[in-house]
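Student: I have a structure here, written as structure tokens, and I will follow up with some questions on it.
The values are calculated or read from the model by the stated rules, or taken from the named source; none is laboratory data. What you are looking at is a predicted structure, and each value in this text was computed from that prediction instead of being measured. For neighbour counting, all protein chains shown are included, and Cβ atoms are generated from backbone atoms with ideal geometry for every residue, glycine included. Accessible surface areas use protein heavy atoms only, side chains included; no ligands, DNA or RNA. Shrake-Rupley method; radii C 1.70, N 1.55, O 1.52, S 1.80 Å.
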Amino acid sequence: MKLQLLPAPREIRAVNGASMLSAATPVTVRQSDSLPPEGYELALENNRVLITAGDDAGEFYARQTLAQMIATCGGECGNLVIRDAPALPYRSFLIDCCRHFYGVDEMKTLIDAAAKCKLNVLHWHLTDDQGWRIEIRRYPLLTEVGATRPDSRFGSVTEGKPHSGFFTQAQVREIVDYCAARHVEVVPEIDMPGHFTAALAADPALGCTGEPVAVEMTAGIFPHVLCVGNPEAVRFARDVLDEVCDLFPGRYIHIGGDETPRTAWMGCERCRARMEKRGLPSFDALQGDFIREIAAYLKKKGKTAITWNESLKGDQLGAQDVIVQRWMERKPLTRAFAKAGGRVIESDFYHYYCDYPYGMTPLKKSFSFDPFKKCGQAHAVFGVEGCLWTEYVRSFDDLCEKLFPRLLAVAERGWSGFPTRSYPAFLEAVEALRPQLAAGGIPMRQRADWDLPALRRLPDIVRFFKGSLTPEMLRQGLFPDSGNKK
Ligand SMILES: [Zn+2]
């Protein structure tokens, strides 16, 4: 059998002779200070494996490589030495548990698969208009009210039943521990000041008008945002983050900052008063000012805030204030942020959003995306992320089939930096990994579905849009600047 590894290691050197390789092959591990973080060396010789690792993560990745070696080259395998380390420190996958809820077991299945291909961050999207999915002890109504919606009407599909679910703090800790054992850091996202309807459903006083709202049942962008001019509402945000920081021991907290309509702020005396007091020239600046305040609060708690690129619009954020995650923008503000020394996570909508049909985002498109070129400042690219939003993902099998293998393309790029092999060679490695992922509970569609011929791409896109976009969304325009979907 042919040795197949994904992501491709930095260097494989063949050595004379061959060894018997199986799960029973003896493995020796030693530590070395001379290897980079997460780096390792793996030598197969004399029917033995010697792993040298710079840290625990390096040993873990060596063992992932070894498992793939055994699966694809078990039996007699040519002797070799692998020297390997990741190009990027932040290799991430996003799971949206708000639009459709996926629970502890499903998350563990995904975490296992991600760790197999050396991803090291779970970006966990836990709050949104359509559901608040994390228990906050100080504000029990967030989940008592905000975790349930009476129906789901995403696009043209009406599910006709309530949708409910949230993670208790005990379950959050369980996931965090599960990830830690696999060298995956969990970055929770508490989306603010927009995508806040579920929170306002629990407590309307957090909004500008105080009017009651219901948890959303449809997809889109909604005007029910946090009143950033109300000190009590801002304190609520800090209180929530206090509990979140206690639950998540990692270095980063994602605070959203995307798709925030300004309509409520425009009509709000308190928000206008904040603008006047702080000398802010625009509502974009008001958002930037709020994000900077929250980021500074997190910094005092030893955390770094991550925000979506929209928060840059008001020109309030310095390169050291936040890490910016770029998904889509008209003006190249993220490039300017990177040029000024800021750190950027690339999750380009057209390439790394994995919930779209393959007709729209073929696997080859994800594989070919160059995050360094897109950012303009190669050194500013801190990480890459594949995103899986769940408005139109109504089953776990569908989730897996959409996420994989596009997430593998993201994993390969994040680990290798620049492509080290051709697309056909990558496809071979994906196929070699298929049975290993299937054994872990991850189904994938057949290869022909990942890169449809031109004539089949259009029907695939039309089928998706028929089921996902409402006439109203089409009228708004598919991809307005603030987006109709993250
Ligand atoms: Zn307000």
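Student: Among the residues of segment 418-457, what is the count of those that are open to solvent by less than 40 Å² (accessible area, probe 1.4 Å) and within 24 Å of the chain's Cα centre (by Cα)?
Tutor: 15
Student: If you go through segment 124-138 one residue at a time, do you hit one that is in a strand (DSSP E or B), open to solvent by 10 Å² or more (accessible area, probe 1.4 Å) and touching a Ser or Thr at 6+ places or on another chain (Cβ under 9 Å)?
Tutor: No, every residue in segment 124-138 fails to be in a strand (DSSP E or B), open to solvent by 10 Å² or more (accessible area, probe 1.4 Å) and touching a Ser or Thr at 6+ places or on another chain (Cβ under 9 Å).
Student: Would you check if Ser152 is hydroxyl-bearing (Ser, Thr, Tyr), in a loop (DSSP other than H, G, I, E, B), more than 16 Å from the ligand (Cβ to nearest atom) and open to solvent by less than 20 Å² (accessible area, probe 1.4 Å)?
Tutor: Yes.
Student: Tell me, which residue of segment 320-349 that is farther than 24 Å from Arg413 by Cα and either in contact (Cβ under 8 Å) with a residue 24 or more places away in the chain or in a strand (DSSP E or B) (or both) is most open to solvent (accessible area, probe 1.4 Å)?
Tutor: Arg330
Student: Can you confirm whether segment 92-101 contains a residue that is more than 20 Å from the chain's Cα centre (by Cα) and open to solvent by less than 30 Å² (accessible area, probe 1.4 Å)?
Tutor: Checked against the condition, which is being more than 20 Å from the chain's Cα centre (by Cα) and open to solvent by less than 30 Å² (accessible area, probe 1.4 Å), segment 92-101 yields no hits at all.
Every residue, every condition in (1) surrounded by fewer than 15 Cβ atoms within 10 Å (Cβ to Cβ); (2) modelled with pLDDT of 95 or more; (3) in the same structural domain as Phe418 (by TED's automatic domain parsing), yes or no:
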| site | (1), (2), (3) |
| --- | --- |
| Gly17 | yes, yes, no |
| Ala23 | yes, yes, no |
| Gly39 | no, yes, no |
| Asn46 | yes, yes, no |
| Thr52 | no, yes, no |
| Arg63 | no, yes, no |
| Ala71 | no, yes, no |
| Gly75 | yes, no, no |
| Asn79 | no, yes, no |
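Student: Please state which of the following conditions Phe60 fails to meet, knowing it meets all the rest: (1) assigned to a loop (DSSP other than H, G, I, E, B); (2) under 19 Å from Gly414 (Cβ atoms).
Tutor: (1)
Student: So which helices (runs of 4 or more DSSP H) are wholly in segment 189-305 and hold at least 1 residues that are within 16 Å of the ligand (Cβ to nearest atom) and open to solvent by 40 Å² or more (accessible area, probe 1.4 Å)?
Tutor: Because the criterion is at least 1 residues that are within 16 Å of the ligand (Cβ to nearest atom) and open to solvent by 40 Å² or more (accessible area, probe 1.4 Å), the helices (runs of 4 or more DSSP H) in segment 189-305 that meet it are 231-247, 263-266, 269-278, 283-300.
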